[in-house]
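Only one structure is covered here, and it is reproduced in the block below.
The values are calculated or read from the model by the stated rules, or taken from the named source; none is laboratory data. It should be emphasised that the depicted structure is a prediction, and the values quoted were computed from it without experimental measurement. Cβ atoms come from the backbone with ideal geometry, glycine included; neighbour counts cover every protein chain shown.
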Amino acid sequence: MPDRPMISIENVSRYYGTYRALDDVSLEIGAGEFFSLLGPSGCGKTTLLRSIAGFDVPTAGEIRIDGTPCTLLPANRRPTNMVFQNYAIFPHLDVGENVAYGLKRLKLDAAEERRRVSDALDQVRLTGLDKRKANELSGGQRQRVALARALVMRPKVLLLDEPLSALDKKLREQMQVELRSLQKAVGITFILVTHDQYEALALSDRIAVMFGGRIAQVATPKEIYQRPRTRMVADFLGGMNFLQARLTSERSGSVSVETARFGTINLERPKGFAPTNGHVTVGIRPERLRLLWDDERAPHELVGRVENRAYFGEVTHLTIGVDGLEQPLSMVETNDYGADDLPLGAEIRLAYDPDAFVLLSEDERGARM
Amino acid sequence: MSSAAIASSPEAVKPAPGSRWMRSEEARGLAMISPTLIYALALLLVPVTLVVAYSFWTQNYLEIDRTFTFENYRQALTEPIYRDLFIRSLWISLVTSAVTVGFSYPVAWFISFHGGAHKNLWLFLVTIPCWTSYLLRVMSWKVILGYGGVLNTGLMSVGLIDEPITSLLYNANAVVITLVHSWAAFAILPIYVSLQKIDRSLIEAARDLGDGPMRAFLRVTLPLSMAGVVSAFLIVMIPTVGDYVTPKLVGGKDGVMIATAIQAQFGKGANWPLGAALSVTTMVLVSLVAAAVVLALRFAVRRIR
């Protein structure tokens, strides 16, 4: 939990008729934090962002920004600014006028206004483009103008609604780096809405994963990737091999489960873990499985066959069938030893680390906070 | 590539000159619009040319004297009666278009922003008055505004006035009221179209950057819908300057407009060249005023920042 909450969301719900876009969401976001709302489309992440911005009024619950209740405050009176998904650059104004748009209301003197506009343009590396017409900008430039226009207002919170989704891959990766360093430089809270798990992992201090209008898990990128709490979170954040297991013993800090081919595994017991009739799901990431070459030995080994192979350049994705397992295992192997040349049907041995398994909750609606 | 191959082979049949053009997009486009184009040329360009030609000739009883003269234009521009009629016609059409646009904008805005799922129904309702004849609509305003008309009897029965107001019908106001009603639909539609094209997130961005609803409207919605406002203004203004029926029916003697004078010259006055000169002068004046209005509106919008 952050030391000083900049945003407090308390039991916020938003219904459209009987459809629950947000279902009793509570969340605290700290000052200066880079926070991501991650989830598939329709999970409520954009509705939540729009409620913070003031474009959507929750049906129930309260939103506080920097301690001030804001639930019913219109967008123009909130200390937040937004970078829209399509950037919403005013087409009838040039770049300078776009960036100065919000400053006009502050009635600054002309020199001060010019200085703030050019500082903001410097910050997003658009120095000297203030006379450029809105329709003469590339996608990346539009994105930067939208950023400058929001940052020039010196908001307490910057809201970003899928800002990178319209850019091509190279530019997106470059903008991710810039966004991160920009956030460090200005030091204000950034809230990013994204459906791209890698973007969320690469940028955020913390991530909230949402499904069906509820928050499934809030944690740091590392924790959410390595220790996902539910099956849906694990699945959304990358590949995961799911295994059915039987609970054999339960202690306060850990549990033991029995699996089909991996034997008995001891697992950390997650908070609020409640197994149903002794059957549980455990998961292991594909990259935590490793091929064993020649006479290399490992403490924990398994024998299987190559069922499928997909070449990804730097890595090869393998599907390994193992007798006694319902589902084949997927694994990711670097191509250093020739995993890309393995023939289909080849007998292989693979090594795993029992500590890499995680215990997953099956809650379809997402775990409560 | 294929053309190079053809050129290198001497036996190849050379395409007839111009056949490349015949296959071009441009040629196909022209072919497509040719019926309309021929129609427009025959029924617009030819009569206008004739009118312009007539305006430099002289009526000599039953014959036309085809010697070139500016005499008709001198009369059209200096005779006080014509000058007054020009000014009044332009004034009435300007007021009509301003009032029409002023009334139509909120309607178009409402349909575009708050029409919800029933936008098309609203637009359909807007066009309903156009289903009856123009003449009937003008006549019905006579019934409403007349001495013993709907408005007067209505106001008297609720006790707001003691005797009928005589200044309702047969003056310039009656012409404006009638024209505004007739042209409203033609102003609502272009404004609606331009409002529909505005990306709603731009208005949200304006709100996000600190504007209240009114300022966001003035700084974003209005400038971005200006194309619609300008075309609505022109669509109403240009035809109303030369309107003949409405002034005749509800205008009385104070509502007479230039079209009545032009009609008189071509009819009873039997002075076609003067009528032609008045027509050409009207066209030029309307174009000038329209251009001035467009520039003024553009300038006014640029001032709101």
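In the set (1) without any contact (Cβ under 8 Å) to a residue 12 or more places away in the chain; (2) over 26 Å from A:I63 (Cα atoms), A:K184 fails one condition alone, (2).
Residues in segment B:280-296 that are free of Cβ contacts under 8 Å to residues at least 24 places away in the same chain, farther than 17 Å from B:Q263 by Cβ and hydrophobic (A, V, I, L, M, F, W, C): B:V284, B:L288, B:A291, B:A292, B:L295, B:A296. Listed by first and then second residue, the pairs with beta-carbon distance under 6 Å, at least 6 apart or on different chains, first residue in segment B:199-228 and at the interface with chain A (Cβ under 8 Å from one of its Cβ atoms), second assigned to a helix (DSSP H, G or I) and of a type in the set (S, T, N, Q), are B:R207/A:N76; B:G210/A:N76; B:D211/A:N76; B:G212/A:N76. Residues that are of a type in the set (D, E, K, R) and part of a helix (DSSP H, G or I) within segment B:190-200 comprise just one, B:R200. Of the residues A:A120, A:A111, only one is crowded, with 17+ Cβ neighbours inside 10 Å and not polar (S, T, N, Q); which? Just a single option satisfies the conditions, and that option is A:A120. Residues in segment B:208-227: is at least one in a loop (DSSP other than H, G, I, E, B), within 28 Å of A:A150 (Cα to Cα), touching a Phe, Trp or Tyr at 6+ places or on another chain (Cβ under 9 Å) and not small (G, A, S)? Looking for residues that are in a loop (DSSP other than H, G, I, E, B), within 28 Å of A:A150 (Cα to Cα), touching a Phe, Trp or Tyr at 6+ places or on another chain (Cβ under 9 Å) and not small (G, A, S), one finds at least one in segment B:208-227, hence yes. Helices (runs of 4 or more DSSP H) fully within segment B:104-189 that include at least 1 residues being within 25 Å of the chain's Cα centre (by Cα): B:119-127, B:134-145.
Has segment B:285-297 got at least one residue that is within 14 Å of another protein chain (Cβ to nearest Cβ) and out of contact with any Lys or Arg (no Cβ under 8 Å at 6 or more places or on another chain)? The answer is yes; a qualifying residue exists. Of the residues making up segment A:288-314, those that are touching a residue at least 24 places away in the same chain (Cβ under 8 Å) and not in a loop (DSSP other than H, G, I, E, B) number 15. Looking at segment A:229-249 only, could you name the residues that are in contact (Cβ under 8 Å) with a residue 24 or more places away in the chain and more than 23 Å from A:V322 (Cβ to Cβ)? Correct list: A:R229, A:T230, A:M232, A:V233, A:F236, A:L237. With the condition kept exactly as written, say whether any residue in segment B:182-200 is touching a helix residue (DSSP H, G or I) at 6+ places or on another chain (Cβ under 7 Å), closer than 15 Å to B:V245 by Cα and either surrounded by 17 or more Cβ atoms within 10 Å (Cβ to Cβ) or at pLDDT below 85 (or both). For segment B:182-200, residues touching a helix residue (DSSP H, G or I) at 6+ places or on another chain (Cβ under 7 Å), closer than 15 Å to B:V245 by Cα and either surrounded by 17 or more Cβ atoms within 10 Å (Cβ to Cβ) or at pLDDT below 85 (or both): present.
Applying the criterion of at least 1 residues that are within 11 Å of the chain's Cα centre (by Cα) to the helices (runs of 4 or more DSSP H) found wholly in segment A:147-230 leaves A:197-203, A:221-226. So for segment A:42-51 (the condition being at pLDDT 95 or above, under 20 Å from A:A219 (Cβ atoms) and within 14 Å of chain B (Cβ to nearest Cβ)), does at least one residue qualify? Yes - at least one qualifying residue is present in segment A:42-51.
The requirement of being at pLDDT below 90 and touching a strand residue (DSSP E or B) at 6+ places or on another chain (Cβ under 8 Å) is fulfilled nowhere in segment B:242-255; no residue meets it. With respect to the conditions (1) part of a helix (DSSP H, G or I); (2) crowded, with 16+ Cβ neighbours inside 10 Å, B:L297 falls short on a single one, namely (2). How many of the residues making up segment A:52-61 are within 14 Å of chain B (Cβ to nearest Cβ) and part of a loop (DSSP other than H, G, I, E, B)? Counting residues in segment A:52-61 that are within 14 Å of chain B (Cβ to nearest Cβ) and part of a loop (DSSP other than H, G, I, E, B) gives 4. Counting the residues of segment A:69-102 that are among the polar types (S, T, N, Q), more than 7 Å from chain B (Cβ to nearest Cβ), touching a Pro at 6+ places or on another chain (Cβ under 8 Å) and not in a loop (DSSP other than H, G, I, E, B) gives 1. Restricting A:L167, A:L159 to those that are in contact with a helix residue (DSSP H, G or I) (Cβ under 6 Å, 6 or more places away or on another chain) and buried (at least 22 other Cβ atoms within 10 Å of the Cβ) reduces the list to A:L159. Only a single item in (1) within 13 Å of another protein chain (Cβ to nearest Cβ); (2) farther than 26 Å from A:Y198 by Cβ is not met by A:V157, and it is number (2).
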